[in-house]
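Step one of this worksheet: look at the structure below.
The values are calculated or read from the model by the stated rules, or taken from the named source; none is laboratory data. This one's a predicted model, so the numbers in the text were calculated from it and none came from an experiment. Backbone-built Cβ (ideal geometry, glycine too); neighbour counts: all protein chains shown.
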Amino acid sequence: MKKIAFLLVFIFNVSANGFTQEFRCNVTVSATRIQGANQNLFRTMQSDLYEFMNNRKWTDHIYSYDEKIKCNILIRLDEQISVDEFRGSIQVQLRRPVFNSSYETTLVNIKDNDFRCKYVEFQPLEFNETSNRDNLTNIMAYYAYIILGYDYDSFSPEGGTPFFEKAQAIVNNSQNAREKGWKAFESERNRYWLIENILNKSYSDFRKCMYEYHRRGLDLMSERVEEGRANIATSLKYIQKVFRRRPSLYILQMFFDAKSDELVNIFSKSYPDEKKRVLTILNEVDPSNGSKYEKIGKEEGM
């Protein structure tokens, strides 16, 4: 009996600690703009989506609690189209810890205005990787794989490919969906183009940047600040190459939405020559944030 009890305890510990799910995902559903709606419905929806993201196994990998990926999803519902159908937006944010520090860097900060879903309270959420029966779970799963892809790319060269391919499969399966966000002709900046940009070999330098910037840049700065910062400066040349191929790429906008403030903080403490080189690149590839980048040249190293 003791052996059986020990075995049961061991199995429980492995299940609880060794094979935990991938995400520590904070999900918020806000429906304050929908007047007269039953707010309990949206609280249940929030709870169901939290369970969907955090209790589902998205990979075959083993995660400890401390290794779980921290992310935030905010769904803002603006309109109730019918009893069980809603329209609004979804914002997805992903932060990644930097090695040997308390700092967390933003990898993804994206707002998707093509959010439309059906939700019936207390009806189980179902996701099928080979169909587009439920737009709500398709969108959530799509962004789960985008989060995984970005996270893995930041730790190993193109390490996120299997997850990006799963996101692409969801897009392919949703080409007949009546909801917007999945098709090329609808917009230049939607779910279709995000994954197309990421997996397009013509823009593979973007993914090289993601690895060099994070693994060989930020992760090195706690021990060798100047070397890590120099690697980040070098990684920006990959972004420059992509920009010169196609300046309007969605992934470039996403990169600077997540990184512009961080770049100012990193390079305002740099040397004059490095500042000049970085500013030349940034002013070319991200002119909309030019006034922000002026701080790099004004501030002296600290």
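Data table
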{"quantity": "Selected residue (criterion: surrounded by the fewest Cβ atoms within 10 Å (Cβ to Cβ)) from residues of region 37-85 that are within 19 Å of Arg116 (Cα to Cα) and in contact with an Asp or Glu (Cβ under 7 Å, 6 or more places away or on another chain)", "calculated": "Thr44"}
{"quantity": "Matching residues, region 264-290, being among the basic types (Lys, Arg) and either outside any helix (DSSP H, G or I) or outside the structural domain of Leu236 (by TED's automatic domain parsing) (or both)", "calculated": "Lys269"}
{"quantity": "Failed item in (1) out of contact with any Leu (no Cβ under 8 Å at 6 or more places or on another chain); (2) surrounded by fewer than 16 Cβ atoms within 10 Å (Cβ to Cβ); (3) touching a residue at least 60 places away in the same chain (Cβ under 8 Å); (4) not hydrophobic (A, V, I, L, M, F, W, C), with Glu121 passing the rest", "calculated": "(1)"}
{"quantity": "Options Glu104, Glu85, Glu79, Glu67: the member that is without any contact (Cβ under 8 Å) to a residue 40 or more places away in the chain, acidic (Asp, Glu) and more than 28 Å from Phe255 (Cα to Cα)", "calculated": "Glu85"}
{"quantity": "Lone unmet requirement of (1) assigned to a helix (DSSP H, G or I); (2) at pLDDT 90 or above; (3) aliphatic (A, V, I, L, M) for Leu7", "calculated": "(2)"}
{"quantity": "Residue ID - surrounded by the fewest Cβ atoms within 10 Å (Cβ to Cβ), chosen from residues in region 279-296 that are among the β-branched types (Val, Ile, Thr) and over 25 Å from the mean Cα position of the chain (by Cα)", "calculated": "Thr280"}
{"quantity": "Identity of the residue in region 152-185, among the hydrophobic types (A, V, I, L, M, F, W, C) and surrounded by fewer than 21 Cβ atoms within 10 Å (Cβ to Cβ), that ends up nearest to Asn132 (Cα to Cα)", "calculated": "Ala177"}
{"quantity": "Complete set of residues in region 67-88 that are farther than 21 Å from Gly36 by Cβ and of a type in the set (S, T, N, Q)", "calculated": "Asn72"}
{"quantity": "Extreme residue, nearest to Asn173 (Cα to Cα), among residues of region 97-143 that are of a type in the set (D, E, K, R) and within 16 Å of the chain's Cα centre (by Cα)", "calculated": "Asp112"}
{"quantity": "Conditions (1) in the same structural domain as Ser260 (by TED's automatic domain parsing); (2) more than 24 Å from Phe23 (Cβ to Cβ); (3) surrounded by 16 or more Cβ atoms within 10 Å (Cβ to Cβ): number failed by Arg224", "calculated": "(3)"}
{"quantity": "Any chance Glu126 is surrounded by fewer than 18 Cβ atoms within 10 Å (Cβ to Cβ), free of Cβ contacts under 8 Å to residues at least 40 places away in the same chain, more than 29 Å from Asn265 (Cβ to Cβ) and of a type in the set (Asp, Glu)", "calculated": "yes"}
{"quantity": "Cross-chain or 6+ apart pairs with Cβ under 6 Å, region 228-249 first and free of Cβ contacts under 8 Å to residues at least 40 places away in the same chain, then assigned to a helix (DSSP H, G or I) and among the aliphatic types (A, V, I, L, M)", "calculated": "Gly228/Leu220"}
{"quantity": "Residue, surrounded by the most Cβ atoms within 10 Å (Cβ to Cβ), within region 235-256, restricted to residues that are in contact with a Lys or Arg (Cβ under 8 Å, 6 or more places away or on another chain) and under 25 Å from Asp112 (Cα atoms)", "calculated": "Tyr250"}
